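Before any comments, here is the structure.
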Amino acid sequence: MKTRVQPLLGAALLILSAWITGCNKPADTASSTDPGKFQGVIKIGEFASLTGKEAAFGISSHNGTQLAIDELNAAGGVLGKELKLLTEDDQSKAGEPATVVRKLITRENVVAILGEVASSRSLEAAPICQQNKIPMISPSSTNPRVTEIGDYIFRVCFIDPFQGTVMANFAKNSLKAKSVAILTDVKADYSMGLAKFFKERFVADGGKVLAEQSYSGGDKDFKAQLTSIKASNPDGLFIPGYYTDVGLILSQAKELGIQFPMFGGDGWESTKLIEISGAAAEGMFFSTHYSPELESAVAKTFVQKYQARYKEEPDAMAALGYDSAFILVEAIRKAGSTEGSKIRDVLASTKDFMGVTGKTTIDAQRNVSKPAVILTIKQGKFKYVETIAP
Amino acid sequence: MVEFLQQLINGLALGSIYALIALGYTMVYGVLRFINFAHSDVFMVGAFCGYYASKSASPFLASGTVTAAIVVLLAAMGVCALLGMIIERLAYRPLRERSKLTVLITAIGVSLLMEFTGQLVFGADPKSFRLLPSKNLQLTGGVVFNTNQVVVLGLTVVLLLALQAIVLKTRIGTAMRAVSFNHRAAALMGINIDMVISFTFGLGSALAAAAGILYAISYPSIDPLMGVMPGLKAFVAAVLGGIGNIPGAAIGGLLIGVIETMVSGYVSSTYRDAIAFAVLILILLFKPTGLLGQTSVEKV
């Protein structure tokens, strides 16, 4: 009996492991169009968190990017060539972006890199792109350090000093908060940066920070921190975190009977937040890059196309992914070449590009200043509150 | 004081989940003298069983009711008991006469297999799972007791008492204790060892499933790697209480939960795990067999 079971188990393990590795292939790439139409391909690399903790962000961003690439191909590609988006999944894990981006650059010879949403992971990939002189555009990493890595690193979203200021002003003026508490994710550069800029501004304007607590992304229990925050009795709680953690925080805050308003940044914007927190998210606020309720011709057609293809409303990550691909391809077109240094130079001079998320002008620090929008959660839906210009 | 009481409640609710998982570690160690690392993944599967059971039961039972919750809990416990027995039958029984290290490494292998098969089958992104609607109960002086915490604490106590009754009052419990005391002697007395070990795995896994459901009730976001950290903490709790000792595992679990909560509440969450594990090292330095463990003479 013993001798019979073991080989069987071994075989089962082998089959399973083969199955698992087989499924780890890169995600879907651009649908190939009529080969006769194009002379060759231009490969663009993308790394995104398609699975794991921030999967909702990675998938939205990837969907937006893919939509843009397919649209551009349908319109004849660029320089007579077909665009091919090669997407790698970094599983929302630290360490993974460096591996997959290195693979995209050295093995696939991509001309440019698009990604990521989370600043920590963009910060990991950026030095590799810089070393290899491959332009990288992060669609939605807001930590200022990302573009400080080098002159090949760009972004198409606002940065956290601005977002922190927006939320500090919002807390003071709209929520009439005189004192706040802050709950930061010590594992995320995004969260640490945003908390710092928020605090600087809020204190400079005469507000008080009564409690500063922290957690590590992926934690499940926040009751200890929330209990001590509740005891300090602030007018509001700022949580610059990502949606999976924030969802649990909001629901546990409700279980502890916390009444004061809670608010955060663009890391909140996923319907998963509402799913996890349930009714606890009602009436909370966050800042982000874009709202589908905004009225602009480009945005309207984008929303229509996105809905037709993915059967859901696009969020800010999708919109920024879409814009980042258009800005990159526009630069390749203007440069007339796929050489990294030439694309870089044109990217650096991007001016008044009209995208879904508004006008994009890349400044000397390779950052962008754009308006922020504030959304609230009402009856389980994100609702537009106001736009705040830079 | 109000804050301290609130933290104590938080800590006990968290600790009781650790306690339930720790029981499985301790029972398997008691009869087989090895650490079943796949136990924390049975806990994860328990939560997912609950997730799918409550989805498929929703047409027949109004979700959010106590009846539905009990049905879901029993279904998950049944499936996981079966799973625990299958794991033992396929992975551990063929190795029973081999060295303990072989079994230990197999256990780690089974654990990884379950985690990554889970990512494939359930998907790697977190799912939200709400079994019971919660209500806050305001106590005097501003301490808040949530109905979920009441359910978690209450169910833990019930399961602990039931387990203690099974182990001390039933024939199978007597057989379990006999096997844990001495394998060969028990076999010579006519005890079917295979059956007793299977039963132990089934019982431990059912408790892990209950812990998984309770965990999902308190933290309504479940993913295939959710078992890793609680599993580690529960293992520490089992060692802390004296591995092989059932009341010890329960006390160890509660202790770890309370220490963790107090450290995050009053010191910093960054040091939470460091301090919790430092306490473990200290206790083991002064009491190497754990709080309630007995010294056993190693036979050469």
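Annotations
- The set of residues from segment B:243-276 being of a type in the set (V, I, T) and either surrounded by 24 or more Cβ atoms within 10 Å (Cβ to Cβ) or in contact with a helix residue (DSSP H, G or I) (Cβ under 8 Å, 6 or more places away or on another chain) (or both) comprises B:I243, B:I246, B:I251, B:I256, B:V258, B:I259, B:T261, B:V263, B:V267, B:I275.
- Residue match in segment A:166-173 (condition: in contact with an Asp or Glu (Cβ under 8 Å, 6 or more places away or on another chain), surrounded by fewer than 22 Cβ atoms within 10 Å (Cβ to Cβ), charged (D, E, K, R) and assigned to a helix (DSSP H, G or I)): yes
- Criterion violated by B:M229 - all others in (1) assigned to a helix (DSSP H, G or I); (2) more than 10 Å from chain A (Cβ to nearest Cβ) satisfied: (2)
- Residues satisfying the stated conditions in segment A:187-230, i.e. of a type in the set (A, V, I, L, M, F, W, C) and more than 21 Å from B:S218 (Cβ to Cβ): A:A188, A:M192, A:L194, A:A195, A:F197, A:F198, A:F202, A:V203, A:A204, A:V209, A:L210, A:A211
- Some residue of segment B:232-242 being within 14 Å of chain A (Cβ to nearest Cβ), among the hydrophobic types (A, V, I, L, M, F, W, C) and surrounded by fewer than 24 Cβ atoms within 10 Å (Cβ to Cβ): yes
- Complete set of residues in segment A:91-113 that are acidic (D, E) and within 14 Å of chain B (Cβ to nearest Cβ): A:E96
- Within segment A:299-330, considering residues that are among the aliphatic types (A, V, I, L, M) and free of Cβ contacts under 8 Å to residues at least 60 places away in the same chain, the one surrounded by the fewest Cβ atoms within 10 Å (Cβ to Cβ): A:A308
- Every test in (1) surrounded by fewer than 23 Cβ atoms within 10 Å (Cβ to Cβ); (2) in the same structural domain as A:I327 (by TED's automatic domain parsing) is passed by A:A126 save one, and that test is (1).
- A Cβ distance below 7 Å, combined with a sequence gap of six or more or placement on separate chains, defines the contacts here; from segment B:113-131, residues that are within 19 Å of B:L90 (Cβ to Cβ) reach residues that are of a type in the set (D, E, K, R) and surrounded by 19 or more Cβ atoms within 10 Å (Cβ to Cβ) in the pairs B:M114/B:D41; B:E115/B:D41.
- Summed over segment B:98-154, the residues that are more than 8 Å from chain A (Cβ to nearest Cβ) and hydroxyl-bearing (S, T, Y) give a count of 6.
- Residue check, A:E71 of a type outside the set (A, V, I, L, M), in contact (Cβ under 8 Å) with a residue 24 or more places away in the chain and either surrounded by 21 or more Cβ atoms within 10 Å (Cβ to Cβ) or within 14 Å of chain B (Cβ to nearest Cβ) (or both): no
- Residue pairs whose Cβ atoms lie under 7 Å apart, sitting 6 or more positions apart in sequence or on different chains, and linking a residue in segment A:248-270 that is away from chain B (no Cβ under 14 Å) and over 24 Å from A:E313 (Cβ atoms) to a partner that is in a helix (DSSP H, G or I) and among the hydroxyl-bearing types (S, T, Y), do not occur here.
The values are calculated or read from the model by the stated rules, or taken from the named source; none is laboratory data. In this text, all values refer to a predicted model and were calculated from it rather than measured experimentally. No Cβ is skipped: glycine too gets one built from the backbone with ideal geometry, and neighbour counts run over all protein chains shown.
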